[in-house]
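Q: Handing you this structure, nothing more for now.
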Amino acid sequence: MRARTIILILAIVLVAGFAALNVDEFTRASVLSLGFTTIQVPLGLVMLLLLVIATVAFLASTVYMQSANLLETRKYARELAVQRELADKAEASRFTELRTFIESQSVASLQREAASNTVLAERLAQTQTALLNRLEQSDNATAAYMGQLEDRLQRANVNAHGALLAR
């Protein structure tokens, strides 16, 4: 139990015990003025009755406030659950959008890579063709130089052979 409830119960028990011990004094009649008339009643019982009425009013207001707070707390809990559900849906939507974005970026990256590979393969083929043409030209030039050298050697050989014969 809460400390406030324990203190309230303890106070009620103490007042009840005090009234039980002094019941004769509480029931002794006294003359009381109500402003427009006077009556003869036990003052202790009137005061005890007023205390009981105040205690009941206090307990009723406490029960009312606690039930109102409980209803308000339940209302806020329902609203919080609705907001949490909305937040979860929004988060799931963001995850779906993120997944879609990542997949589109991945597809775009693969397309760029494929295009890059195609361009690279074309350039490699062009370079290979140019290199083969250049090698063929180099082979032809080397063969032509070799042919010229052979021609010169044969002429020089023929001239040297002819000069030997002429002597």
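Q: Answer with yes or no whether Ala60 is at pLDDT below 95 and out of contact with any strand residue (DSSP E or B) (no Cβ under 6 Å at 6 or more places or on another chain).
A: Taking the combined requirement at face value, the residue satisfies it.
Q: Tally the residues that are at pLDDT below 85 and in contact with a Gly (Cβ under 8 Å, 6 or more places away or on another chain), restricting the search to the stretch 20-38.
A: Here the count works out to 3.
Q: Can you tell me how many residues within the stretch 118-139 are over 58 Å from the mean Cα position of the chain (by Cα) and of a type in the set (Ser, Thr, Tyr)?
A: Adding up the residues that qualify gives 1.
Okay, residues lined up against (1) touching a residue at least 40 places away in the same chain (Cβ under 8 Å); (2) over 30 Å from Leu8 (Cα atoms); (3) surrounded by fewer than 10 Cβ atoms within 10 Å (Cβ to Cβ):
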| position | (1), (2), (3) |
| --- | --- |
| Gly35 | no, yes, yes |
| Met47 | no, no, no |
| Ala57 | no, no, no |
| Ser61 | no, no, no |
| Leu71 | no, no, no |
| Ser93 | no, yes, no |
| Ser104 | no, yes, no |
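The values are calculated or read from the model by the stated rules, or taken from the named source; none is laboratory data. The shown structure was predicted, so the numbers you read here are calculated from the model rather than taken from an experiment. Don't worry about glycine lacking a Cβ; one is built from the backbone with ideal geometry, like all the others, and counts go over all protein chains shown.
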